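Here is the structure we will look at.
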């Protein structure tokens, strides 16, 4: 359990399948956060994963932060914030 946010330790995510060590897992988490930032930018949101907090921090342009445990919770948060459903697979982004 994280003493700061109260979330239990993260179990990993399917996007981390095949990682062999902690360094690879961290790189996978950081890459996922980078892609989330690209997807969330048109909604006025950003995502951050510091590698220590279990979960993903989603922030508004005004500095309102919310920590969510996983990607499903990210999409639910975006829907609450925007008032409309989001299809992350149809989001326009240029990941590289």
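The values are calculated or read from the model by the stated rules, or taken from the named source; none is laboratory data. These figures come from a predicted structure and were not determined experimentally. Because the Cβ atoms are built from the backbone with ideal geometry, glycine has one as well, and the counts that use them run over all protein chains shown.
Values as computed for the structure displayed
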| item | result |
| --- | --- |
| Looking only at the range 53-68, and only at residues there that are under 11 Å from the mean Cα position of the chain (by Cα) and free of Cβ contacts under 8 Å to residues at least 12 places away in the same chain, the one that is nearest to residue 29 (Cα to Cα) | 57 |
| Test: residue in the range 24-36 that is at positive phi, exposed (fewer than 13 other Cβ atoms within 10 Å of the Cβ) and either modelled with pLDDT under 90 or out of contact with any helix residue (DSSP H, G or I) (no Cβ under 9 Å at 6 or more places or on another chain) (or both) | no |
| Qualifying residue in the range 53-70 (condition: touching a helix residue (DSSP H, G or I) at 6+ places or on another chain (Cβ under 7 Å), over 23 Å from residue 19 (Cβ atoms) and exposed (fewer than 11 other Cβ atoms within 10 Å of the Cβ)) | no |
| Check on residue 86, in contact (Cβ under 8 Å) with a residue 24 or more places away in the chain and in contact with a strand residue (DSSP E or B) (Cβ under 8 Å, 6 or more places away or on another chain) | no |
| Flag for residue 50 being outside any strand (DSSP E or B), free of Cβ contacts under 8 Å to residues at least 40 places away in the same chain and more than 21 Å from residue 30 (Cα to Cα) | no |
